[in-house]
Amino acid sequence: MVRLGGNGQAGIAAEPWLAEPVEHPPALLAHQLYEQRWMFHGPAFQVVARTLGVGPRGIRAVLRPTEAAGSLLDGAGQVLGQWLIEHRPESWIAFPAAVDRVTFHAPPPEAGTDVECALRVVRVSDDAVTADMRLTGSDGLPLATVTGWHDRRFAGGPRTGARRPGESRSRCGLIPLHQACFAA
């Protein structure tokens, strides 16, 4: 469900989300997500500019949306992907399956504007992960809240190119992801 007020305002005073008390620096820097092919996104959707911190149930990052429609919310989903890479390396490959609710608190930011994404993992299982997300402008005011972002997780391994942070990736022996995940 996408809900907008009359002028794009949701009319609620959303509280900022604080960092987790046990947050640590990321194992992968934001640019490594794309350069090392952890994420497949092309330049128009490479919006994770900096990862601020990672914790056992959350992650914070700075997104820099592009002119591409949907790049900001797609970037929020990529932040969840980075959390999976860091905390569930045995099956970090994931694709969005559903979103329960997106509430916009303000108009979308201009392309190139820094937006902080704070993400809380609500539920994680062998084949799915659910998170809530808060997108905040540089003024500290919330832009959007995402409730119930659901990703479907897939087992990885050397044939899919899956690896742990710090491991190199060989292109030898790789098969297309759809074949690895959906083979009979």
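Considering only residues that are open to solvent by 80 Å² or more (accessible area, probe 1.4 Å), out of contact with any Lys or Arg (no Cβ under 9 Å at 6 or more places or on another chain) and in a loop (DSSP other than H, G, I, E, B), look in segment 23-48 and name the one that is modelled with the lowest pLDDT.
40
So if I check each of 128, 144, which one is aliphatic (A, V, I, L, M) and surrounded by 18 or more Cβ atoms within 10 Å (Cβ to Cβ)? Talk me through it step by step, then tell me what you get.
Details: 128 fails: surrounded by 18 or more Cβ atoms within 10 Å (Cβ to Cβ).
After applying the criteria, what remains is 144.
Taking the residues in segment 84-118 that are open to solvent by less than 60 Å² (accessible area, probe 1.4 Å) and among the aromatic types (Phe, Trp, Tyr) as candidates, determine which candidate is modelled with the lowest pLDDT.
So the residue we want is 92.
Name the residue, out of 67, 15, that is more than 11 Å from the chain's Cα centre (by Cα), at pLDDT 95 or above and loosely packed, with under 13 Cβ neighbours inside 10 Å.
On the way: 15 fails: at pLDDT 95 or above.
The unique qualifying residue is 67.
Please pick out the residue among 75, 81 that is at pLDDT 95 or above and either under 11 Å from the mean Cα position of the chain (by Cα) or open to solvent by 50 Å² or more (accessible area, probe 1.4 Å) (or both). Don't jump to the end; show me each part of the working.
Working: 81 fails: at pLDDT 95 or above.
Among 75, 81, only 75 is at pLDDT 95 or above and either under 11 Å from the mean Cα position of the chain (by Cα) or open to solvent by 50 Å² or more (accessible area, probe 1.4 Å) (or both).
The values are calculated or read from the model by the stated rules, or taken from the named source; none is laboratory data. Computed from a predicted model, the values in this text were never measured in an experiment. Ideal geometry is used to build each Cβ from the backbone, glycine not excepted, and the neighbour counts take in all protein chains shown. Note: accessible area is taken over every heavy atom of the protein model, side chains too, but ligands, DNA and RNA are not part of it. Shrake-Rupley method; radii C 1.70, N 1.55, O 1.52, S 1.80 Å.
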